[in-house]
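Written out below as structure tokens is the structure these notes cover.
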Amino acid sequence: MNHSSLAGDPASDSLRPAVPASVGRLPPLGAVVCDIDGTLTTTSSALTVTKTLGTPAADHARLYRAFKAGTLVGDELPHALCTLWAGARREDLQAAFAAVPLRDVDHLTAAVRERNVPLALISSSVVEYAEVTAARIGARIAYGAGRVVYDDHGYMSGLALDATDQAALTELKVTQFHDLARSLHLEPDQILVLGNGPNDTGLFASTRRSVLIDPLGNSPHRHQAAHTATDLRNAAAYLAVRP
């Protein structure tokens, strides 16, 4: 993957957001945490994986409608995915995870390298997907909300999910955020969080450094994050804010 740097980029100055004075009283930046689906990607990983594995179009359309309608809740989600992904080999799923389309992450990863802080991912998807995405963008740490279970021959046999509904996922992400902070010996306000959806709102509340990724400018969560950005290039400018 090609990278570019915010340093010396004239365009980055025009995109640098106005930062409230209170930000200057924050402790030094120590790490960056990103959600994945909708924040770093342009679509849902579950839907991309389903299509990549060659699931019949009708089955995929049915899952997509249920996903959009929010009717896949509780155990219905893992059961639906297991049915659609039945028989998938470990290598098939790994390749499908790697096929999920990313947004333009280059400015963000360049800014993380420039600040020399760790980049971590906290996802409501399975940890294997988080690990594949972490390898794609150079993140050092990856958290997920469960694991894929394989049989002795390397075929998927189930999903062991730690949380499925939005409330439980929100709580799990907050727990993982504080686990990360402890492991890195950081205060929560030293961690910049980027997210986009309802289960990221707990992360936004856990630190004074947060950016909602809102490409259309109409997210209902706009007032729950410290800042909003239409894209990752704009969001990356917040890494340049120094106390």
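The values are calculated or read from the model by the stated rules, or taken from the named source; none is laboratory data. None of these values were measured; they are calculated from a predicted model. Using ideal geometry, Cβ is built from the backbone for each residue, glycine included, and neighbour counts are taken over all protein chains shown. Accessible surface areas use protein heavy atoms only, side chains included; no ligands, DNA or RNA. Shrake-Rupley method; radii C 1.70, N 1.55, O 1.52, S 1.80 Å.
Of all the criteria given as (1) over 12 Å from the mean Cα position of the chain (by Cα); (2) farther than 26 Å from LEU84 by Cα, the one not satisfied by LEU119 is (1). Just name the residue that is nearest to GLN224 (Cα to Cα) out of those in the range 174-202 that are small (Gly, Ala, Ser) and out of contact with any Ser or Thr (no Cβ under 6 Å at 6 or more places or on another chain). If we take residues in the range 174-202 being small (Gly, Ala, Ser) and out of contact with any Ser or Thr (no Cβ under 6 Å at 6 or more places or on another chain), then GLY197 is nearest to GLN224 (Cα to Cα). Among the residues making up the range 175-190, those that are open to solvent by less than 20 Å² (accessible area, probe 1.4 Å) and touching a helix residue (DSSP H, G or I) at 6+ places or on another chain (Cβ under 6 Å) are PHE177, ALA181. Filter the range 109-139 down to the residues that are free of Cβ contacts under 8 Å to residues at least 60 places away in the same chain and under 19 Å from GLN166 (Cα atoms), then identify the one that is surrounded by the fewest Cβ atoms within 10 Å (Cβ to Cβ). Among them, the one singled out is VAL127.
A Cβ distance below 7 Å, combined with a sequence gap of six or more or placement on separate chains, defines the contacts here; from the range 49-60, residues that are of a type outside the set (S, T, N, Q) reach residues that are assigned to a helix (DSSP H, G or I) and open to solvent by 70 Å² or more (accessible area, probe 1.4 Å) in the pairs HIS60/LYS51. If a residue must be touching a helix residue (DSSP H, G or I) at 6+ places or on another chain (Cβ under 6 Å) and farther than 18 Å from LEU194 by Cβ, how many such residues does the range 129-157 contain? Of the residues in the range 129-157, 6 are touching a helix residue (DSSP H, G or I) at 6+ places or on another chain (Cβ under 6 Å) and farther than 18 Å from LEU194 by Cβ. One residue stands out among those in the range 148-168 that are part of a loop (DSSP other than H, G, I, E, B) and not charged (D, E, K, R): the one that is surrounded by the fewest Cβ atoms within 10 Å (Cβ to Cβ), which is HIS153. On inspection, LEU172 passes the criterion of being at pLDDT 95 or above, within 30 Å of THR83 (Cα to Cα), crowded, with 20+ Cβ neighbours inside 10 Å and under 15 Å from the mean Cα position of the chain (by Cα). Against the test of being in contact with a Leu (Cβ under 8 Å, 6 or more places away or on another chain), modelled with pLDDT under 85 and small (Gly, Ala, Ser), the options ALA86, ALA46 yield a single qualifying residue, ALA46. For the range 214-235, name all the residues that are basic (Lys, Arg) and surrounded by fewer than 20 Cβ atoms within 10 Å (Cβ to Cβ). Across the range 214-235, the qualifying residue is only ARG222.
Look at (1) free of Cβ contacts under 8 Å to residues at least 24 places away in the same chain; (2) aliphatic (A, V, I, L, M); (3) exposed (fewer than 15 other Cβ atoms within 10 Å of the Cβ) and you find that ALA86 fails only one, number (1).
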